């Protein structure tokens, strides 16, 4: 089997494919998206038109895309992986040259009806091309240095472009998503140990080079680290977001203050309440019970995804599903760590819940690939 051509296997045909969809996954995704629309309605003070309507429209379009992609044979997406990765890479270069700037970051392409972030697209095209690469490689070649270097370049080149925007959160997710596919493919653990050692050295370098002409990060990123370590040092400035988020999280108690009754969100104490910090609004209004229920929905989505990967005997499909599910998990882990003060604020949305068209569409496209792999798995 060549790298660019995939021989299709016997799969269900016609409308029978609908029966082979992972329907529990569809229901769980729809449930989380519905919670997101509900929270955006609450945050806007009961106005559906401010954020909730557009979110619901993007959700509907994304679900339709997921079904369409799921009906297309997985070998088609395998053959398209290289092209998709190349297009995403070119779009990242375009953003660097002519992209839209917002809040000091140049990350978007203006499509007229929405602002599109190519870095979101790269998260899943990266996973696709790595899955193709390791499906094509012979098992004896996976841990050989030359072939590991090729995989590392596939991951690092777009990561550098995203870091230049600057977008630290997405850069981190590209690295973690790519590393997960490499790990699932069977790359030797010694490489990961070496990277871990380099990471510790890089973190030390971040702090040691601060204030020098060759410092590793931008000044605002250093301020985010300071805020993470001690948000009370600047309670009305850089530490304001984290402090207000923690107040919202704690004030929800066991069962919350009630729908549309959260003081931090309704009185506008909580910044970015409809995007990065939407989880704190949910926790304030529905308390521990509501927050835990949402986490259970996320856990079930991840569980059904991993079950689909283990069930699939096609190597490309299995690695693709693992990569998509890993990206979804890292969205959740980074966002929740950020809003609870366990990690610096890096601007990663909560998947399927936070307001934003690019992230939701790309995530649902990713789950469309999962459905395609599940429907067309070898039987």
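The values are calculated or read from the model by the stated rules, or taken from the named source; none is laboratory data. Keep in mind that what you see is a predicted model, and the values were worked out from it rather than measured. Note that we place each Cβ from the backbone using ideal geometry, even for glycine, and neighbour counts take in every protein chain shown.
If you scan region 22-46, which residues turn out to be over 22 Å from residue 290 (Cα atoms) and assigned to a loop (DSSP other than H, G, I, E, B)?
First pass over region 22-46, keeping only residues over 22 Å from residue 290 (Cα atoms): 22-23.
22 - this is the single residue of region 22-46 that is over 22 Å from residue 290 (Cα atoms) and assigned to a loop (DSSP other than H, G, I, E, B).
Considering only region 50-58, I want to know if a residue exists there that is under 18 Å from the mean Cα position of the chain (by Cα), farther than 15 Å from residue 279 by Cα and either surrounded by fewer than 21 Cβ atoms within 10 Å (Cβ to Cβ) or at pLDDT 90 or above (or both). Yes, there is a match, as at least one residue in region 50-58 is under 18 Å from the mean Cα position of the chain (by Cα), farther than 15 Å from residue 279 by Cα and either surrounded by fewer than 21 Cβ atoms within 10 Å (Cβ to Cβ) or at pLDDT 90 or above (or both).
Scanning region 255-296 for residues that are in contact with a helix residue (DSSP H, G or I) (Cβ under 9 Å, 6 or more places away or on another chain), in a helix (DSSP H, G or I) and surrounded by fewer than 16 Cβ atoms within 10 Å (Cβ to Cβ) yields 263, 293, 295. In region 187-205, the qualifying residues are those that are free of Cβ contacts under 8 Å to residues at least 12 places away in the same chain and within 17 Å of residue 171 (Cβ to Cβ), and the one that is nearest to the chain's Cα centre (by Cα) is 199. Here residue 353 fits the description: farther than 18 Å from residue 127 by Cα and surrounded by 24 or more Cβ atoms within 10 Å (Cβ to Cβ).
Of the residues screened, residue 110 is not one that is at pLDDT below 90, surrounded by fewer than 16 Cβ atoms within 10 Å (Cβ to Cβ) and closer than 28 Å to residue 294 by Cβ.
State whether one or more residues within region 360-374 are assigned to a loop (DSSP other than H, G, I, E, B) and closer than 20 Å to residue 165 by Cα.
Narrowing region 360-374 to residues assigned to a loop (DSSP other than H, G, I, E, B): none.
Taking every residue of region 360-374 in turn, none turns out to be assigned to a loop (DSSP other than H, G, I, E, B) and closer than 20 Å to residue 165 by Cα.
Being closer than 30 Å to residue 98 by Cα and buried (at least 16 other Cβ atoms within 10 Å of the Cβ) narrows it down to one residue among 217, 153, 157, 137; which is it? Checking each option against the conditions leaves just 217. Of the residues making up region 298-326, just one is outside any helix (DSSP H, G or I) and either modelled with pLDDT of 95 or more or touching a helix residue (DSSP H, G or I) at 6+ places or on another chain (Cβ under 6 Å) (or both), namely 312.
Part of a helix (DSSP H, G or I), touching a residue at least 24 places away in the same chain (Cβ under 8 Å) and under 27 Å from residue 78 (Cα atoms): does that describe residue 149? If you could, list the steps in order and put the result at the bottom.
Working: part of a helix (DSSP H, G or I): yes; touching a residue at least 24 places away in the same chain (Cβ under 8 Å): no; under 27 Å from residue 78 (Cα atoms): yes.
Against the criterion (part of a helix (DSSP H, G or I), touching a residue at least 24 places away in the same chain (Cβ under 8 Å) and under 27 Å from residue 78 (Cα atoms)), residue 149 does not qualify.
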